Amino acid sequence: MRQPVLAAAAALAALAPGCGGGDAQPPRTEPRVRLVLDAPADAEVVRAETVQVSGTVRPAAARVQVLGREVAVDGGRFEADVPLEPGANLIDVAASARGRRPDFVATRILREVRIAVPDLVGRDADAAQERLAGLGLEAGVKNGGGFLDPILPGDPKVCSSDPAAGAQVLPGTKVELTVARNC
């Protein structure tokens, strides 16, 4: 067990400057490009389909890429509209300039997409549950017909939902359906 650990330590020591690594490079001394992201804030939650990424870079003639695409830099300022997927998004921004070390920033954006609870009152209970699942919502079912409801003719129907039809909810929200044969 100790042998692999010692071998790994020896390999790392050989790569470290001044520790026997014959072709080790001296540390880079050129200055770094300065990249500052003004917007959006890290971990921001938005509902829009796009977000504007903006910031500054020094030197002003540096090249900037947002998600691998070059964007215009004017007087050291840049901005780009970035399309967002529903849910978590990671946006990377890189800046480089001749004779300088590049700089890199990443920001996380959550695109919150709300779903309208459909009007399910009067629909077959099983079909209503399938419809909710198809929308990315969870269905909870409670019997609202009382003691004699199981012996009444017909299939159970949706009597009400909570949250009610039209409410805007997040994906995965549980919608409680009250079902009965006679609402």
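Using the alpha-carbon centroid of each, what span in Å lies between the range 45-118 and the range 121-161? Using only Cα atoms to place each centre, the spacing works out to 46 Å. Here the spin labels are modelled as points 7 Å beyond Cα on the Cα-Cβ line, and at VAL46 and ALA116 they lie 2.4 nm apart.
Annotation: for a label point projected 7 angstrom from Cα along Cα→Cβ of VAL169, residues of the range 117-147 with backbone N closer than 15 Å are 117-121, 128-142. In percent, rounded to a whole number, the relative contact order of the range 115-180 is 50, using alpha-carbon pairs under 8 Å and six or more apart. For the range 30-111, a crude dipole built from +1 on the beta carbon of Lys and Arg and -1 on the beta carbon of Asp and Glu, taken about the Cα centre, is about 380 debye to the nearest 20. The stretch between GLU130 and VAL105 holds 4.7 nm of extra length on full extension. This uses 0.36 nm per residue minus the Cα-Cα distance.
The HN-Hα couplings worked out from phi for the range 65-76 by the Karplus form 6.51 cos²θ - 1.76 cosθ + 1.60 (θ = phi - 60°) are 10, 10, 6, x, 10, 5, 10, 5, 10, 10, x, x Hz, whole numbers, x standing for Gly and Pro.
We did not get these values from a lab; they are worked out from the coordinates using the rules stated. Here the structure is a predicted model, which is why all the values come from computation and not from measurement. Don't worry about glycine lacking a Cβ; one is built from the backbone with ideal geometry, like all the others, and counts go over all protein chains shown.
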